[in-house]
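Beneath this line is the structure, given in structure tokens, with notes to follow.
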Amino acid sequence: MPKHDVAVVGIGQMKYRSKRIDVNIPEMIYEAVKNALDNAKLGPEDIDAVLIGNMDHFEGINFSELWCGIDAAPGYLKPVVKIATGGTTGSSLAISGYHNVASGIYDKVLVVGWEKLNEGGATTGIITAFDPVWERPSLAGALGPLALMASMYSAKYGITSEQAAKVTVKNRSNAANNPYAHLQMPGITIDYVMNSQVISYPLRLHDCCPQSEGACALIYANENEAKKITDNPAWFQAVETAHYYTFGTDDVMFDLPTAKIASTKAYKKANIRNPLKDLDVAEIYEPTSWSELSWTEALGFAEPGKGGNLLDEGITQMSGELPVNPSGGVLSTNPIGATALIRVAEAATQIMGQGGKRQVPDVEKALAMGFGGSLWTEIMILGNEPMR
């Protein structure tokens with residue numbers, strides 16, 4: 001059992017863009033950190049430790065925590081730890097922050113995820129992550145495996161490009177209500193998505209997430225400190241991680257067993273028996289439109305092959321029974337080192353009632369999902385009350 005309950009008490013985001021040429025990396029990170037401190041009405045002196053991370057090989061900069069954690073975040077003479085786990089960097093930061101406070105090591109921690117890709121080159125980093133003989137020809141870059149997953153999913157269940165396009169329409173429209181979202185496209189149509197350029201079949205341009213720059217910062221506190229800071233903290237009710245590595249088997253590639261395993265364990269901890277009924281909102285990591293269809297199934301929201309039915313029946317729309325990605329999701333904003341942490345930030349935003357135009361009414365439980373690396377998944381359940 002954890003020694004302490006842990007809550008998000010401060011959230012700091014910014015307007016994510018394709019390029020932030022107006023600032024250097026520490027200046028960009030400082031924006032998110034200051035916004036989180038202001039949101040919690042805390043000062044730098046109130047933070048006990050800093051956890052910071054990005055896809056550091058993308059920018060080509062080693063030991064970024066040595067200067068980002070001091071110049072941009074309040075890490076001077078404090079513990080500063082860097083975490084980098086691929087696409088799950090943000091959720092690994094989130095979970096590490098939870099354990100640092102739940103264990104009693106620190107009372108309050110600052111968690112920061114960031115990315116500034118125009119400083120380096122993402123493709124070079126990704127193509128060296130796979131086996132150079134067996135995998136690199138088909139998995140060079142992120143879109144290769146994602147296209148394979150979409151093709152396998154389509155072949156097994158007869159999923160169509162039109163069903164996938166509906167996900168893009170939903171998420172890009174949701175993003176129009178999110179002041180931080182990179183791609184805000186109100187009124188986008190299914191035909192517009194389906195007529196966009198083919199990138200890697202069956203993925204088209206608007207089936208894919210963008211490349212964004214920006215930072216996200218969260219402040220965690222234990223139960224004693226959280227009650228002093230805010231009247232409506234977002235409490236962690238469960239955190240789970242499942243790692244896997246494989247290539248070439250049908251079910252593994254798109255059914256995402258790591259999502260099934262991690263979510264099942266998290267649901268048990270958070271007393272969730274029927275996720276479609278018991279959750280009020282979900283922020284999932286969908287790098288493609290096809291991914292959201294498949295991974296809502298992996299998370300237990302629908303039967304295999306029936307993820308599209310959720311959308312057709314309005315269940316995952318903003319006014320539906322379980323809104324999925326009211327922020328616009330990864331399809332609208334993707335600063336890789338921060339992307340999964342944004343899922344946690346948005347889940348906490350919904351719990352704390354700070355969502356503005358993207359706020360879902362009466363949110364009591366929210367799911368946040370991180371995805372990346374070699375098909376691994378991290379799940380976090382937040383609620384308006386601690387579990388104990």
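Before moving on, here are some points about what is shown:
- Filter result for T264 (outside any strand (DSSP E or B) and in contact with a Ser or Thr (Cβ under 7 Å, 6 or more places away or on another chain)): no
- Residue within segment 218-231 that is in contact (Cβ under 8 Å) with a residue 60 or more places away in the chain and within 15 Å of the chain's Cα centre (by Cα) present: yes
- Just one of the numbered conditions (1) of a type in the set (A, V, I, L, M, F, W, C); (2) surrounded by 15 or more Cβ atoms within 10 Å (Cβ to Cβ); (3) modelled with pLDDT of 85 or more is not true of I126: (3).
- Residue match in segment 27-47 (condition: crowded, with 22+ Cβ neighbours inside 10 Å, within 23 Å of the chain's Cα centre (by Cα) and assigned to a loop (DSSP other than H, G, I, E, B)): no
Conditions tested, residue by residue: (1) in a loop (DSSP other than H, G, I, E, B); (2) on the phi < 0 side of the Ramachandran plot; (3) crowded, with 22+ Cβ neighbours inside 10 Å; (4) of a type in the set (D, E).
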{"position": "Y285", "(1), (2), (3), (4)": "yes, yes, yes, no"}
{"position": "T296", "(1), (2), (3), (4)": "no, yes, yes, no"}
{"position": "G305", "(1), (2), (3), (4)": "yes, no, no, no"}
{"position": "N309", "(1), (2), (3), (4)": "no, yes, no, no"}
{"position": "L367", "(1), (2), (3), (4)": "no, yes, yes, no"}
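- Output for segment 1-21, where each listed residue is acidic (D, E) and assigned to a strand (DSSP E or B): none
- When G53, G75, G60 are screened for being modelled with pLDDT under 90, under 21 Å from P335 (Cβ atoms) and buried (at least 24 other Cβ atoms within 10 Å of the Cβ), only G75 passes.
- Count of segment 48-75 residues which are hydrophobic (A, V, I, L, M, F, W, C) and assigned to a loop (DSSP other than H, G, I, E, B): 4
- Considering residues of segment 78-108 that are within 25 Å of S212 (Cβ to Cβ) and hydrophobic (A, V, I, L, M, F, W, C) only, the residue surrounded by the fewest Cβ atoms within 10 Å (Cβ to Cβ): V81
- Per this entry, N274 is counted among residues that are under 20 Å from E321 (Cα atoms), polar (S, T, N, Q) and surrounded by fewer than 16 Cβ atoms within 10 Å (Cβ to Cβ).
- Among residues of segment 53-74 that are within 16 Å of G337 (Cα to Cα), those with a beta-carbon under 6 Å from a residue that is hydroxyl-bearing (S, T, Y) and in a loop (DSSP other than H, G, I, E, B) at least six positions away or on a different chain give the pairs D56/S64.
- Among the residues of segment 60-118, those identified as in contact with a Lys or Arg (Cβ under 6 Å, 6 or more places away or on another chain) and either farther than 25 Å from A347 by Cα or of a type in the set (V, I, T) (or both) are E65, N118.
- In summary, strands (runs of 3 or more DSSP E) completely within segment 169-242 and bearing 1 or more residues that are modelled with pLDDT under 95 and β-branched (V, I, T) occur at 198-200.
- Taken over segment 259-271, the residue count meeting the criterion of being crowded, with 24+ Cβ neighbours inside 10 Å and among the polar types (S, T, N, Q) is 1.
- Against the numbered list (1) at pLDDT below 95; (2) touching a Phe, Trp or Tyr at 6+ places or on another chain (Cβ under 6 Å), M253 comes up short only at (2).
- Residues that are modelled with pLDDT under 95, surrounded by fewer than 23 Cβ atoms within 10 Å (Cβ to Cβ) and within 18 Å of the chain's Cα centre (by Cα) occur in segment 374-381; there is at least one.
- Residue match in segment 330-337 (condition: in contact with a Leu (Cβ under 7 Å, 6 or more places away or on another chain), in a loop (DSSP other than H, G, I, E, B), closer than 14 Å to P275 by Cα and of a type in the set (S, T, Y)): no
The values are calculated or read from the model by the stated rules, or taken from the named source; none is laboratory data. It should be emphasised that the depicted structure is a prediction, and the values quoted were computed from it without experimental measurement. Heads up, the Cβs are rebuilt from the backbone with ideal geometry, glycines too, and the neighbour counts pull from every protein chain shown.
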